[in-house]
1. Based on DSSP, what percent of beta bridges with both residues in segment 5-156 are antiparallel, to the nearest 5?
2. Under the classification rounded if a/c is under 1.5, otherwise prolate if a/b is larger than b/c and oblate if not, where does segment 22-82 fall, given a ≥ b ≥ c as square roots of the Cα gyration tensor eigenvalues?
3. With a ≥ b ≥ c taken as the square roots of the eigenvalues of the C-alpha gyration tensor of segment 5-156, please select rounded if a/c is under 1.5 and otherwise prolate if a/b is larger than b/c or oblate if it is not?
4. Take the alpha-carbon centre of segment 133-208, take the same for segment 46-117, and report the distance between them in whole Å.
5. What are the extents of the Cα atoms of segment 160-208 along their three principal axes, listed from largest to smallest and rounded to whole Å?
6. Residue by residue through segment 103-120, what is 3J(HN,Hα) from phi via Karplus (6.51 cos²θ - 1.76 cosθ + 1.60, θ = phi - 60°)? Round to whole Hz and write x for glycine and proline.
7. For the pairs Lys53/Lys128; Lys152/Lys203; Lys53/Lys136; Lys59/Lys140; Lys58/Lys152; Lys58/Lys173, flag any whose C-alpha to C-alpha distance is greater than 23 Å.
8. Please report, for the Cα atoms of segment 82-208, the Rg to one decimal and the Dmax as a whole number; what are they, in angstrom?
Amino acid sequence: MPDFVLEEKFGDFVVGIDEAGRGPWAGPVVAGAAMFKNRDANPELTAMLDDSKKLSAKKREKIYEMLFEEAKKGNVLLGIGEASVEEIDSLNILQATFLAMNRAFLHLNFDNPDMVLVDGNQIPSTIKCPCKTVVKGDAKCCSISAASILAKVYRDRLMQKLAEEYPYYGFEKNAGYGTKLHIDGLKKYGVSPVHRRSYKPIKEFLEK
């Protein structure tokens, strides 16, 4: 379970960052950023945190709402950033992810954290302050876990809205990943404006 051991190692003001949506064939990539200003504020919330992939959608939604309640009280700072399909296609997914991470970081409106902890093994070149990577950080570090859930829930909600506009691909169920329903939609209706044209499966549909 995640804890604050890493945060305590690096100082009082430590930001966690994670992303959601690098793998899907459609929709933006989203990053979350979280900094607990008061790590003792809500033990119920921190006890619920975990790798977002291990949590049910219902539990992620609950944690998401609790995070914003704590943000209103000033106990946590939250930031969300996106990089569009167009940016993914023009930059590549890694650089677009870094762009989304920097936007999430900037939305915290906190200029000089002691450290930024980034899930994974690559430091975003876009963030101009001390950074460290944490492999599987969303299962180890409360700040990264919170950022992970923030990004995941925000992106899932966004994909549900896109499903209303483009109802043929099952975005509300697959979040843009290449499921059978998604592939069937592509075969019947073709590529939509929110598909990532630089991705190999989408390129193949465009060539057909």
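Just so it is clear, none of the values below were taken in a lab; they were calculated from the coordinates. Only a predicted model underlies this, so the values are computations on that prediction, with no experimental measurement involved. Reconstructed Cβ throughout: ideal geometry from the backbone, glycine too, with neighbour counts over all protein chains shown.
1. Working: 14 of 22 bridges.
About 65 percent, rounded to the nearest 5.
2. On the way: a/c = 2.51, a/b = 1.53, b/c = 1.64.
Because a/c hits 1.5 or more and a/b fails to exceed b/c, segment 22-82 counts as oblate.
3. Details: a/c = 1.71, a/b = 1.27, b/c = 1.35.
Oblate shape, in that a/c is at least 1.5 and b/c is the bigger or equal ratio.
4. If we compute the Cα centre of each part, the gap is 17 Å.
5. Result for segment 160-208: principal-axis Cα extents of 27, 17, 16 Å.
6. Going residue by residue, I get 5, 5, 4, 5, 6, 5, 6, 9, 7, 10, x, 5, 7, 10, 9, 10, 5, x Hz, with x marking Gly and Pro.
7. Distance filter (> 23 Å) returns Lys53/Lys128; Lys152/Lys203.
8. Reported Rg and Dmax, both Å: 16.7, 52.
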